[in-house]
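The values are calculated or read from the model by the stated rules, or taken from the named source; none is laboratory data. Source: prediction; values computed, not measured. Every residue, glycine as well, gets a Cβ built from its backbone with ideal geometry; the counts of neighbours run over all protein chains shown. Just the protein is used for accessible areas: all its heavy atoms, side chains included, with ligands, DNA and RNA removed. Shrake-Rupley method; radii C 1.70, N 1.55, O 1.52, S 1.80 Å.
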Amino acid sequence: MDWTLQKYEALCEALVSAGYHGIGMSDYMRQPDRPEKTVLLRHDVDSRPAHSLKLAVIEKQHGLKATYFYRTVNFDPAILKEMHAMGHEVGYHYETLAQASGNMTKAIDLFASELAKLRAHVPVTAASMHGSPLRPWDNRAIWQHVTPAQFDLCGEVYFSIDYTNMIYFSDTGRTWHSTRYNVRDHTHVPHSFQAETTNDLIQVIQSGQIQHLCLLTHPERWQSNPAAWRLQQLRDTAANLAKVILKFWYTL
């Protein structure tokens, strides 16, 4: 079965066997000298924050560092501290323009105050936008008015990283396909590699053709309990249907 913790562990094993070094997003944005083969393990924690610790343990066991981006609507300070203690990076998963219903001034002020809430517990130097697919606003639009440096951030994962020399995969929509159910979680940099399942992605990794790789996952998607797995599958199916309708609506 795909989208299980066991399958995620197989993915981590493939990365290590292929010689990839997992580093944090802030480390990547700060350091001009990087390992020859790099993987950025990025996790956008949309829901069930406690579940993110299960993926973090798997990564730590394989010597991989990852970055976990948390929303302020559902974060748990104890989880942030445990994640930081494991050696992973904690980031800010912002959605302030959608929260402010498009009011840019309010969105920027809200960004600063929510970032401070996370920093009260752990260091935070990277941000990642929440796609908010059910809302018409792209949260990244705030970077047309401010810069990450104004918030003492190393950068924002879409705004501050050059993806022309990095292959980007996202599990958005319960597939690694780059655009099928993806409203906003993409980089607009096309590449020739494609994968549907995690086994497909593992084959791409094992091919040895990619030097720099970014994998975006949503931890709540990766379950092992059969009931939780089935419930997540139903949620993803419903969300995908809504996204297809909304992508069509947004083009009108």
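Considering only His218, His121, His43, the Gaussian network model of the chain with Cα springs below 10 Å gives its largest mean-square fluctuation to His121. Computed over the chain, the per-residue total of -39500 (n - 2.57) for DSSP H runs of n ≥ 4 gives a 222 nm mean residue ellipticity of -11500 deg cm²/dmol, rounded to 500.
Got a number for carbon plus sulfur as a percent of the chain's accessible area, 1.4 Å probe? About 55 percent, which is the carbon plus sulfur part of the accessible surface.
Report the label-to-label distance for Ala238 and Val73 in nanometres (one decimal), using points 7 Å from each Cα along the Cα→Cβ vector. According to this spin-label approximation, the distance is 1.5 nm.
With all projection directions averaged, the alpha carbon convex hull of the chain covers 12.9 nm². Projected label points at Gln6 and Gln144, each 7 Å from Cα along the beta carbon direction, are separated by 4.8 nanometres. Computed from the Cβ-Cβ distance with R0 of 35 Å, the FRET efficiency linking Ser192 to Ala120 stands at 0.20.
The modelled label-to-label distance between Ala85 and Lys37, using points 7 Å beyond Cα along the C-beta direction, is 3.3 nm. Placing Asp33, Asp171 in order of accessible area, with the largest value first and a 1.4 Å probe, yields Asp33, Asp171. With semi-axes defined as the square roots of five times the eigenvalues of the C-alpha gyration tensor, the equivalent ellipsoid of the range 1-140 measures 28, 16, 15 Å, largest first.
Full extension of the segment from Gln211 to Tyr163, taken as 0.36 nm per residue of separation minus the current Cα-Cα distance, would add 16.1 nm. Normalising the Debye intensity of the range 1-57 to I(0), with uniform scatterers on Cα atoms only, and taking log10 at q = 0.24, 0.30, 0.31 Å⁻¹ returns -1.08, -1.23, -1.25.
Per residue, the chain exposes an accessible area of 44 Å² to a 1.4 Å probe, with every protein chain left in place.
Total lysine pairs in the chain at Cα distances under 16 Å, for residues eight or more apart or on different chains: 8.
Solvent exposure of Glu13, expressed as accessible area, is near 90 Å², computed with a probe of 1.4 Å over the protein chains only. Less than 12 Å from a label point 7 Å out along the Cα-to-Cβ axis of Arg48: which backbone N atoms in the range 1-16 qualify, by residue? Correct set: 4-5.
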